[in-house]
Amino acid sequence: MIGQAAMTPAEVAAHLPEVPQWAVMDGALERTFGFTDFQHTMAFVNALAWVAHREDHHPDLAVSYGRCTVRFNTHDVGGISVSDFFW
């Protein structure tokens, strides 16, 4: 993201209460979403992909039958940025 810098660990910790179901894992914000079946998982993945493309801010996804783990960090700044907290 142009004009942004990676947040410090203290800045990230200060923003974490805004996204209570997310955690910092290996330099990224991460959350696992659970679903009843593969169809619902894929509907979520497709909706997330559409928004991510529109916003030009793409997460890493790990998809399985009943869950999707979403990881956000800002590759351009080499860490977590303010943009990662808008999901």
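Being modelled with pLDDT of 95 or more, of a type in the set (S, T, N, Q), open to solvent by less than 70 Å² (accessible area, probe 1.4 Å) and under 17 Å from the mean Cα position of the chain (by Cα): is that true of residue 41 here? So residue 41 passes the test. Evaluate the following for residue 44: is it touching a helix residue (DSSP H, G or I) at 6+ places or on another chain (Cβ under 8 Å), outside any loop (DSSP other than H, G, I, E, B) and among the aromatic types (Phe, Trp, Tyr)? Considered against the rule, which asks whether it is touching a helix residue (DSSP H, G or I) at 6+ places or on another chain (Cβ under 8 Å), outside any loop (DSSP other than H, G, I, E, B) and among the aromatic types (Phe, Trp, Tyr), residue 44 comes out as no.
Looking for whichever is of a type in the set (A, V, I, L, M) and in a helix (DSSP H, G or I) here; the options are 6, 14, 62. Which one fits?
The conditions single out 14.
Would you point out the residue of region 60-87, among those that are closer than 14 Å to residue 26 by Cα and either in contact with a helix residue (DSSP H, G or I) (Cβ under 7 Å, 6 or more places away or on another chain) or among the aliphatic types (A, V, I, L, M) (or both), that is surrounded by the fewest Cβ atoms within 10 Å (Cβ to Cβ)? Out of the qualifying residues, it is 74.
The values are calculated or read from the model by the stated rules, or taken from the named source; none is laboratory data. Everything numeric here is computed off the predicted structure, so don't read it as measured data. Backbone-built Cβ (ideal geometry, glycine too); neighbour counts: all protein chains shown. When the accessible area is computed, the model is the full protein with side chains, heavy atoms only, and any ligands, DNA or RNA have been set aside. Shrake-Rupley method; radii C 1.70, N 1.55, O 1.52, S 1.80 Å.
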